[in-house]
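Notes for the one structure printed next.
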Number of protein chains: 2
Amino acid sequence: MYTRDELNTLFQKFLPKDAIVAAVEELSAFECDALTAYKQLPQIVLFPETVEQVQKILRFCYQNKIHVVSRGAGTSLSGGALPLAEGVLLSLAKFNRILKIDADNRTASVQAGVRNLAISQAASKYGLYYAPDPSSQIACTIGGNVAENAGGVHCLKYGLTTHNILELKVVTVEGEFLTIGSQGLDSSGYDLLALLTGSEGLLAVILEVTVKLLPKPDAVQVILAGFDSVVQAGSAVAAIIAANVTPSGLEMMDNYAIRAAEEFAHAGYPVDAAAILICELDGASDEVAEESNTVLEILKSYNILELQISKTEEQCLLIWSGRKGAFPAIGRIAPDYYCMDGTIPRKYLAPVLEYISNLSAEYNLKVANVFHAGDGNLHPLILYDANIPGELEKTEKFGAKILEMCVKVGGSITGEHGVGVEKINQMCLQFNTLELEQFHRIKHAFDSLGLLNPGKAIPTLHRCAELGAMHVHNGELPFPDIERF
Amino acid sequence: MYTRDELNTLFQKFLPKDAIVAAVEELSAFECDALTAYKQLPQIVLFPETVEQVQKILRFCYQNKIHVVSRGAGTSLSGGALPLAEGVLLSLAKFNRILKIDADNRTASVQAGVRNLAISQAASKYGLYYAPDPSSQIACTIGGNVAENAGGVHCLKYGLTTHNILELKVVTVEGEFLTIGSQGLDSSGYDLLALLTGSEGLLAVILEVTVKLLPKPDAVQVILAGFDSVVQAGSAVAAIIAANVTPSGLEMMDNYAIRAAEEFAHAGYPVDAAAILICELDGASDEVAEESNTVLEILKSYNILELQISKTEEQCLLIWSGRKGAFPAIGRIAPDYYCMDGTIPRKYLAPVLEYISNLSAEYNLKVANVFHAGDGNLHPLILYDANIPGELEKTEKFGAKILEMCVKVGGSITGEHGVGVEKINQMCLQFNTLELEQFHRIKHAFDSLGLLNPGKAIPTLHRCAELGAMHVHNGELPFPDIERF
């Protein structure tokens with residue numbers, strides 16, 4: 001192993017000085033990503049700006065068996081970009097150019113460090129936009145989005161990152177430059193494009209992404225409804241989907257989240273409602289009008305405490321402002337919060353929310369629920385205070401229980417935030433030994449020495465064995481009265 | 001290597017007699033799939049009907065290094081299910097049960113041997129259907145669809161097979177049973193679901209598929225327009241897409257295909273048109289009416305020789321009958337035909353069609369063009385007579401030239417039919433050594449002995465080297481006057 005100073009000297013041989021950060025006082029800016037519960041000072045941070053520099057860095061690391069963690073904007077909520085005490089933190093911040101917008105083919109080719117929102121902004125003059133919209137879209141980069149298969153409010157209608165990209169240019173840990181996917185409809189050979197998407201930096205370093213662009217819809221309408229119970233709101237979600245409406249967003253917030261968001265954003269939310277639904281419809285004007293009528297018809301059959309229907313773009317934005325500010329809003333009322341990310345089949349919404357509510361009482365930790373109801377993607381935010389000894393550990397146990405329940409009802413331990421370091425133990429729960437072994441074989445096919453982002457996303461079999469026989473895949477059903485599909 | 005008789009005896013130890021076909025006269029029924037230019041009598045055909053039987057077969061083959069080719073309905077157009085002289089042909093014909101239709105979650109779980117159309121038929125009573133619709137949907141199986149990542153007319157709007165499935169149950173060559181993907185929104189870990197989709201039987205044997213179902217649209221309208229030139233029809237395709245209309249089908253046929261189809265199906269096609277466009281719109285009634293107006297407005301600006309607008313479901317079906325019968329129609333007027341399947345960026349439609357037309361004259365072989373114009377997926381049908389010595393070889397050379405051109409303009413050598421044995425040489429053209437090597441590493445991660453479907457889909461590096469330096473990826477542009485995206 002090289003010391004920090006040795007690495008600094010070695011990298012200076014083929015990188016400009018301003019591409020290297022090795023001073024401890026500067027390194028602390030990179031000690032965590034958005035999962036701040038985990039912190040680690042990196043050994044060194046590199047900022048290459050050409051493909052050749054990345055290839056040289058990776059070849060050097062490969063030859064010297066040095067670990068490498070790639071980093072976009074560091075907005076990962078699962079610790080995907082947490083640095084290592086020994087190894088390189090490879091920042092793609094200088095890969096920040098939009099290379100081409102092809103309006104005819106509705107694609108944009110951009111470097112990995114381009115921000116998600118910047119793509120839509122650049123495409124706007126052609127009447128186009130990039131659909132996946134994580135809450136962090138002002139800051140997060142497209143390379144990170146691909147690495148985590150990021151989602152967002154619009155993914156209910158338009159799919160996750162994996163459904164919205166066409167081609168990647170990557171460098172393997174051995175320094176090889178590969179083009180993955182194609183600019184056309186389909187690509188021959190194994191689907192490495194999908195394989196790399198969501199691989200959390202474990203398989204290759206992404207340098208360039210060609211994304212699909214969509215035409216901006218002619219009309220957008222947002223409906224907000226306040227309910228007197230969470231169960232009723234969940235039932236309305238199922239009814240809307242069953243009516244063949246595909247909203248461009250269908251979000252739910254519980255009372256605690258409503259209050260926090262309202263205090264922060266003054267969006268005009270009904271603070272006495274047990275839950276609100278926010279339903280966005282987009283498309284041609286006639287289509288939106290028709291779908292809007294269908295949704296309002298459905299809502300009539302519930303005891304609605306409040307109903308808001310946007311008439312202008314400003315009103316749309318106002319309704320969304322509360323939801324989009326929900327995370328920082330919670331941040332204001334609690335010293336720390338832990339944002340969970342699990343998926344469940346929609347029909348388990350009500351019992352799982354009740355289970356979380358019971359756990360909240362048991363652990364004496366408040367929970368705010370903000371989630372993509374339409375696709376069953378939960379985001380319970382557990383409120384805690386890291387300065388109270390033991391409270392972080394208690395929070396993590398609580399969170400683990402929620403994820404275990406997601407798996408039990410046939411869901412998944414991550415909807416869109418990735419596994420990272422945060423949920424690596426729950427992977428032992430989601431997958432059996434054979435399945436994990438297959439993941440390790442895939443890793444080996446790209447990175448036989450295990451140098452890229454070690455300790456994230458895929459647990460070792462040893463780790464799972466130590467945790468005990470946690471695997472519950474196809475196990476007993478927690479709610480036998482609700483039929484398992 | 002075992003003889004046929006030895007294999008028969010060995011398999012009888014753990015399979016019922018009626019699960020084994022080893023008599024030469026019965027084996028001839030399996031000597032090819034829908035790519036009849038390639039024929040090979042299988043050594044033995046097995047028809048397991050339980051997961052355990054498949055596991056036993058594969059474990060036995062693995063231990064004895066016996067090759068295995070999986071087969072659904074044998075409708076592959078690229079020879080994906082071509083048997084081997086030495087090895088097992090594993091038929092999934094007895095895996096033909098629909099296990100569950102979950103109308104609430106809009107999913108169907110079916111065994112691999114269930115026919116594509118049977119899924120939609122079973123889901124019909126819930127108002128649901130399965131979107132991908134290959135032309136062979138009456139016969140082809142969902143397992144084969146997954147193996148080839150099959151497409152169809154509706155894929156322009158609803159995506160390929162890979163976008164419409166959630167979970168697979170597979171057995172590896174080592175006999176391990178794996179669950180791939182999940183019933184939820186997203187799955188953690190590497191995306192093995194997408195990796196297996198389109199892997200052409202090289203990675204695992206698929207036994208069960210959970211597909212997504214869609215609500216049947218309220219309204220469907222089909223518009224047929226006849227053009228006096230292929231270039232004009234291609235231009236109209238671009239204009240329709242540019243107008244933000246996403247048809248549920250946008251098909252083009254040239255004069256030769258129109259004439260053949262009309263003679264066969266009597267669909268009322270304009271036999272003097274140089275090309276026809278068939279545009280299907282689906283969705284809510286208002287939406288379809290609005291999109292229909294937009295399409296008709298666009299068509300007005302062209303010299304349209306014929307315009308048909310469906311008023312009833314029968315008229316829709318009549319218009320489609322010609323297109324859906326186009327392949328058998330060509331089969332009636334030529335002793336043999338060779339169906340190509342390449343993709344190109346839409347803007348190259350006109351020059352690539354002209355190039356094909358020139359090649360047709362050069363090789364003195366007629367070509368009928370039938371294709372998914374909306375997504376740039378070409379299906380030139382080269383007409384030939386296998387009984388004329390050398391004509392098949394000439395046809396294959398012609399076909400190879402078309403695929404080379406697809407790659408040159410930034411497209412792909414397969415849109416939806418797979419590589420199989422047919423296009424294995426063109427893979428050397430599409431991918432460079434590093435990219436092919438990565439494919440081989442993936443293969444190794446699933447099937448280290450190379451027992452599953454050898455000789456298909458991914459060429460050896462040796463084969464590509466023997467063919468010479470064919471790789472043209474990012475090479476010179478054939479139409480420098482058309483800007484490369």
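Structure above, values below:
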{"read-out": "Subset of segment B:358-406 (residues that are open to solvent by less than 10 Å² (accessible area, probe 1.4 Å) and assigned to a helix (DSSP H, G or I))", "value": "B:L359, B:A373, B:G374, B:T395, B:F398, B:G399, B:I402, B:L403, B:C406"}
{"read-out": "Residue in segment A:268-284 that is more than 14 Å from every other protein chain (Cβ to nearest Cβ) and open to solvent by 40 Å² or more (accessible area, probe 1.4 Å) present", "value": "yes"}
{"read-out": "Test: residue in segment A:51-71 that is assigned by TED's automatic domain parsing to the domain that holds A:E25, closer than 30 Å to A:K212 by Cβ and open to solvent by 50 Å² or more (accessible area, probe 1.4 Å)", "value": "yes"}
{"read-out": "Test result for A:S199, farther than 29 Å from A:M253 by Cβ and assigned to a loop (DSSP other than H, G, I, E, B)", "value": "yes"}
{"read-out": "Residue list for segment A:317-346, filter: away from chain B (no Cβ under 14 Å) and among the polar types (S, T, N, Q)", "value": "A:S321"}
{"read-out": "Selection from segment B:106-133 of residues that are surrounded by fewer than 24 Cβ atoms within 10 Å (Cβ to Cβ), within 14 Å of another protein chain (Cβ to nearest Cβ) and either in a loop (DSSP other than H, G, I, E, B) or not hydrophobic (A, V, I, L, M, F, W, C) (or both)", "value": "B:R106, B:T107, B:S109, B:Y126, B:G127, B:Y129, B:A131"}
{"read-out": "Qualifying residue in segment A:336-352 (condition: over 30 Å from A:L281 (Cβ atoms) and of a type in the set (A, V, I, L, M, F, W, C))", "value": "no"}
{"read-out": "Of all residues in segment B:163-189 being out of contact with any strand residue (DSSP E or B) (no Cβ under 8 Å at 6 or more places or on another chain) and modelled with pLDDT of 95 or more, the one that is least open to solvent (accessible area, probe 1.4 Å)", "value": "B:G175"}
{"read-out": "Of all residues in segment B:217-248 being of a type outside the set (G, A, S) and assigned to a loop (DSSP other than H, G, I, E, B), the one that is modelled with the lowest pLDDT", "value": "B:N244"}
{"read-out": "Conditions (1) more than 10 Å from chain B (Cβ to nearest Cβ); (2) closer than 26 Å to B:D341 by Cβ; (3) assigned to a loop (DSSP other than H, G, I, E, B); number of the one not met by A:L168", "value": "(3)"}
{"read-out": "Restricting segment B:31-50 to residues that are buried (at least 19 other Cβ atoms within 10 Å of the Cβ) and modelled with pLDDT under 95, the residue that is farthest from B:L207 (Cα to Cα)", "value": "B:L35"}
{"read-out": "Filter pass, A:L359 being within 17 Å of A:Y384 (Cβ to Cβ), touching a residue at least 24 places away in the same chain (Cβ under 8 Å) and outside the structural domain of A:N255 (by TED's automatic domain parsing)", "value": "yes"}
{"read-out": "Members of segment A:430-462 that are touching an Asp or Glu at 6+ places or on another chain (Cβ under 6 Å) and crowded, with 23+ Cβ neighbours inside 10 Å", "value": "A:K456, A:A457"}
{"read-out": "Among residues of segment A:284-320, those that are hydroxyl-bearing (S, T, Y) and closer than 23 Å to A:V231 by Cα, counted", "value": "4"}
{"read-out": "Residues being part of a helix (DSSP H, G or I), of a type in the set (K, R) and open to solvent by 40 Å² or more (accessible area, probe 1.4 Å) - total across segment A:295-346", "value": "4"}
{"read-out": "Residue list for segment B:256-270, filter: in a helix (DSSP H, G or I), under 19 Å from B:I223 (Cβ atoms) and either over 24 Å from the mean Cα position of the chain (by Cα) or acidic (D, E) (or both)", "value": "B:E262"}
{"read-out": "Among the candidates A:Y384, A:Y355, residue that is in contact with a helix residue (DSSP H, G or I) (Cβ under 7 Å, 6 or more places away or on another chain), modelled with pLDDT of 90 or more, under 25 Å from B:Q183 (Cα atoms) and among the hydroxyl-bearing types (S, T, Y)", "value": "A:Y355"}
{"read-out": "One residue from A:Y129, A:Y158 being touching a helix residue (DSSP H, G or I) at 6+ places or on another chain (Cβ under 7 Å) and either touching a residue at least 12 places away in the same chain (Cβ under 8 Å) or closer than 25 Å to B:G374 by Cα (or both)", "value": "A:Y129"}
{"read-out": "Contacts under 9 angstrom Cβ, first residue in segment B:179-194 being closer than 19 Å to A:Y158 by Cα and facing chain A (nearest Cβ under 7 Å), partner modelled with pLDDT under 75 and surrounded by fewer than 23 Cβ atoms within 10 Å (Cβ to Cβ), 6 or more apart", "value": "B:Q183/A:F485"}
{"read-out": "Filter result (among the aliphatic types (A, V, I, L, M), more than 7 Å from chain B (Cβ to nearest Cβ) and in a loop (DSSP other than H, G, I, E, B)) within segment A:411-448", "value": "A:V421"}
{"read-out": "Residue, farthest from the other protein chains (Cβ to nearest Cβ), within segment A:93-105, restricted to residues that are open to solvent by 10 Å² or more (accessible area, probe 1.4 Å) and at pLDDT 95 or above", "value": "A:A93"}
{"read-out": "Members of segment B:21-43 found to be β-branched (V, I, T) and touching a strand residue (DSSP E or B) at 6+ places or on another chain (Cβ under 6 Å), listed by number", "value": "B:V21"}
{"read-out": "Tally, over segment A:195-206, of residues that are away from chain B (no Cβ under 11 Å) and open to solvent by less than 10 Å² (accessible area, probe 1.4 Å)", "value": "1"}
{"read-out": "A:V209, sole failed condition from (1) more than 8 Å from chain B (Cβ to nearest Cβ); (2) in a helix (DSSP H, G or I); (3) aliphatic (A, V, I, L, M)", "value": "(2)"}
{"read-out": "Selection from segment B:143-159 of residues that are at the interface with chain A (Cβ under 10 Å from one of its Cβ atoms) and surrounded by 24 or more Cβ atoms within 10 Å (Cβ to Cβ)", "value": "B:N149, B:G151, B:C155"}
{"read-out": "Flag if B:L224 is open to solvent by less than 20 Å² (accessible area, probe 1.4 Å), more than 9 Å from every other protein chain (Cβ to nearest Cβ) and farther than 30 Å from A:A243 by Cα", "value": "yes"}
{"read-out": "Helices (runs of 4 or more DSSP H) contained entirely in segment A:4-88, each with at least 2 residues that are closer than 28 Å to A:Q137 by Cα and not small (G, A, S)", "value": "A:24-27, A:51-63"}
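The values are calculated or read from the model by the stated rules, or taken from the named source; none is laboratory data. Fair warning: this is a prediction, and the values are worked out from it, not measured in the lab. Glycine gets a Cβ as well: all are built from the backbone with ideal geometry, and neighbour counts include every protein chain shown. The accessibility values were calculated without ligands, DNA or RNA, using every heavy atom of the protein model including side chains. Shrake-Rupley method; radii C 1.70, N 1.55, O 1.52, S 1.80 Å.
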